[in-house]
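The values are calculated or read from the model by the stated rules, or taken from the named source; none is laboratory data. Here the structure is a predicted model, which is why all the values come from computation and not from measurement. Because the Cβ atoms are built from the backbone with ideal geometry, glycine has one as well, and the counts that use them run over all protein chains shown.
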Amino acid sequence: METLTAAYEKAPRRPGVLRDRLLRFDLLMALLTALFFSLILLVLLSLVGAASWREVIAHVGSSRGFDCILLSLKTSFAVVVLTLLLGFPAAYILALKQFRGKAFLDTLLDLPIIMPPLVTGLCLLLLLNQANPVGRLLQEWGVRLLFTPGGIILAQFFVAAPFFIKTVRESIAAIPSNLLAASATLNASDFYTFRRVVLPLCRKGACAGMAMTWARALGEFGATAMVAGSIPGRTETMTIAIYMEAMSGGLGNSISTALVLVLFSFTLLFVLKLQAGRQYEY
Amino acid sequence: MSIELKHVAKTFGTRPLFHDLSFKVEQGELHALVGPSGEGKSTLLGLIAGLHAPDAGDVLINGECVNRLGPQRRKVGYVFQDYALFPHLSAFENVAYGLRASGVERRRVHEKSLHYLNLVNLNRERDKLPQELSGGQKQRVALARALATEPSILLLDEPLSHLDAEIREQLQFELKELQRKTGVTMLLVTHNMTEAVTLGRRVSFLRHGRIERTVSTNALV
Ligand SMILES: Nc1ncnc2c1ncn2[C@@H]1O[C@H](COP(=O)(O)OP(=O)(O)OP(=O)(O)O)[C@@H](O)[C@H]1O
Ligand SMILES: [Mg+2]
């Protein structure tokens, strides 16, 4: 104990210096933060500044503009529903169960995220092709995915679902194991625990993951283009329309669609944030 | 119901915690377990409740080996050392949790939860979330929650450690009464020797990975 006292007494006491240093540090952090956010705002403003609202409304009312917006909304919504259905089980298993090959699955989950969407699209194209047994089987069953909205959903799902799964897995893994143990000692079945403890406690993560997946599906371009092409009114999503119009000289329409896309994504993110609820301290 | 551990071994990582641990709590007994910090008292309770699997040896409840049964099927009540309250549920809902999970009828759930909240003097705090409760209040919710399902075995991991003398004595009395009236088998971990001796009919000392000795408190008094 003597040594502790000695060390304590020897420690310099200059609160003024420390405070100044802290202040300078805070200032530096604030400046860098400001820099980052101005960058985001600048990029956004470039889009808003270039659009005329009358043009945007006219374009949304036009058949091509309306079709691509509707298609994007429909397919991305389907992707979110699919993701919820398959994503929760995957996140649950990956977060709570120990088994062989888990590291492999983890890596597999990263693959769609690091793979260029164009390559993903190419893979899907090969998979669905006549030459592939799976493609042939689907053909026999009458399931047509190439150049159809179904194909768009598949491509977007493949690219976007891992974001949800990863986020939800993290928030399930953050639940203290004691809570799950307590639930089990209170006669709760695994399903009951999932419903009343796991789900409510990963709500924030699930909302964040859903927003990311939805936005990612809406913004998907490469894989979609490969699998579904760009048939106006049939497989032309918002992002594909933005590209096609810009390349063919219709920059105004391109900007209008882009603005709708950004606005929608932003609203989505915002609404889901409001829904997320509080983060519990464990 | 009696509890018995036979030649149990348990290792976390590389450090063996128990090598050959045998231990028995008789049916209807209030048994106190004391020992230095980090010796594995909580782990021992976890082995009985089915939260940990023994590396070797058997865990017996009422003479039957339960090694392969999950926590749900062992019907063992557990008060966790760190309470493990559900942070998103009110004190009342925490207490009601086990009853609801067991499919008890609504009105009974309400009655019983209130009864046990009352027992630990928390009826005024019933709608508060755990984060709005003091340490001692949380501890009492954890106790009420474990009691509410009325298990025939209760494992208590320092259930009264954060309470002031008055309420601690009151709850010690309640636990003893409960035990006497219902014949529930209780295993109580405590740091407090006085508590061990006043509550326990027998006291076991855990040290160096085994039960060093077990004494009957009748002999002490
Ligand atoms: N899940 C776990 N993983 C790894 N090590 C663990 C785990 N649980 C407990 N241990 C280790 O086992 C030892 C015993 O822990 P335990 O919690 O059972 O002790 P304790 O007797 O209850 O201590 P205390 O009186 O401080 O509560 C400790 O050294 C701890 O680090
Ligand atoms: Mg302990």
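Residues in region B:56-84 that are within 16 Å of ligand 1 (Cβ to nearest atom) and within 18 Å of B:Val95 (Cβ to Cβ): how many?
Residues in region B:56-84 being within 16 Å of ligand 1 (Cβ to nearest atom) and within 18 Å of B:Val95 (Cβ to Cβ): 6 in total.
State yes or no: is B:Thr185 touching a Leu at 6+ places or on another chain (Cβ under 9 Å), closer than 19 Å to B:Ser2 by Cα and within 14 Å of chain A (Cβ to nearest Cβ)?
So B:Thr185 fails the test.
Which one of B:Leu60, B:Leu119, B:Leu114 is more than 16 Å from ligand 2 (Cβ to nearest atom), closer than 20 Å to B:His162 by Cβ and surrounded by fewer than 23 Cβ atoms within 10 Å (Cβ to Cβ)?
Answer to the check: B:Leu119.
Give me the helices (runs of 4 or more DSSP H) completely within region A:106-203, filtered to those with at least 2 residues that are of a type in the set (Val, Ile, Thr) and either surrounded by fewer than 20 Cβ atoms within 10 Å (Cβ to Cβ) or in the same structural domain as A:Phe221 (by TED's automatic domain parsing) (or both), ordered by residue number.
A:117-128, A:149-173
Name the residue that is nearest to the other protein chains (Cβ to nearest Cβ), counting only residues in region A:156-179 that are out of contact with any helix residue (DSSP H, G or I) (no Cβ under 7 Å at 6 or more places or on another chain) and not hydrophobic (A, V, I, L, M, F, W, C).
Selected residue: A:Asn178.
Does region B:141-176 hold any residues that are under 14 Å from B:His115 (Cβ atoms) and surrounded by fewer than 19 Cβ atoms within 10 Å (Cβ to Cβ), and which are they?
B:Glu150, B:Glu174
I'd like to verify a number: residues in region B:10-28 that are closer than 17 Å to B:Glu212 by Cβ and of a type in the set (Gly, Ala, Ser), how many?
Residues flagged as closer than 17 Å to B:Glu212 by Cβ and of a type in the set (Gly, Ala, Ser) within region B:10-28 amount to 1.
Could you grab the pairs with beta carbons closer than 8 Å, sequence gap of 6+ or different chains, first residue in region B:190-208 and on the phi > 0 side of the Ramachandran plot, second one within 16 Å of ligand 2 (Cβ to nearest atom)?
B:His208/B:Glu39
With the requirement that a residue be away from ligand 1 (no atom under 16 Å from the Cβ) and surrounded by 18 or more Cβ atoms within 10 Å (Cβ to Cβ), what does region B:179-193 give you?
Within region B:179-193, B:Gln179, B:Val184, B:Thr185, B:Met186 qualify.
Residue check, A:Gly249 against (1) over 21 Å from the mean Cα position of the chain (by Cα); (2) over 27 Å from A:Thr267 (Cβ atoms); (3) of a type outside the set (Phe, Trp, Tyr); (4) assigned to a helix (DSSP H, G or I), all met but one. Which one?
(4)
Taking region B:25-57 only, how many residues are surrounded by 15 or more Cβ atoms within 10 Å (Cβ to Cβ) and within 14 Å of chain A (Cβ to nearest Cβ)?
10
Quick grid of which residues meet (1) in a loop (DSSP other than H, G, I, E, B); (2) at pLDDT below 95; (3) within 16 Å of ligand 2 (Cβ to nearest atom); (4) in contact with a helix residue (DSSP H, G or I) (Cβ under 6 Å, 6 or more places away or on another chain):
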{"residue": "B:Phe18", "(1), (2), (3), (4)": "no, yes, yes, no"}
{"residue": "B:Leu21", "(1), (2), (3), (4)": "no, yes, yes, no"}
{"residue": "B:Pro36", "(1), (2), (3), (4)": "yes, yes, yes, no"}
{"residue": "B:Gly46", "(1), (2), (3), (4)": "no, no, yes, no"}
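Failed condition for A:Leu261, given (1) surrounded by fewer than 13 Cβ atoms within 10 Å (Cβ to Cβ); (2) under 19 Å from the mean Cα position of the chain (by Cα), with all others met?
The single condition A:Leu261 does not satisfy is (1).
Under 6 Å between Cβ atoms, at least 6 apart or on separate chains: pull out the pairs that start in region B:42-70 with a residue that is over 13 Å from B:Lys24 (Cα atoms) and end on any residue that is within 16 Å of ligand 2 (Cβ to nearest atom) and assigned to a loop (DSSP other than H, G, I, E, B).
The qualifying pairs are B:Ser42/B:Gln81; B:Gly46/B:His52.
Given the options A:Thr213, A:Thr193, name the one that is within 14 Å of chain B (Cβ to nearest Cβ), closer than 20 Å to A:Tyr92 by Cα and among the hydroxyl-bearing types (Ser, Thr, Tyr).
A:Thr193
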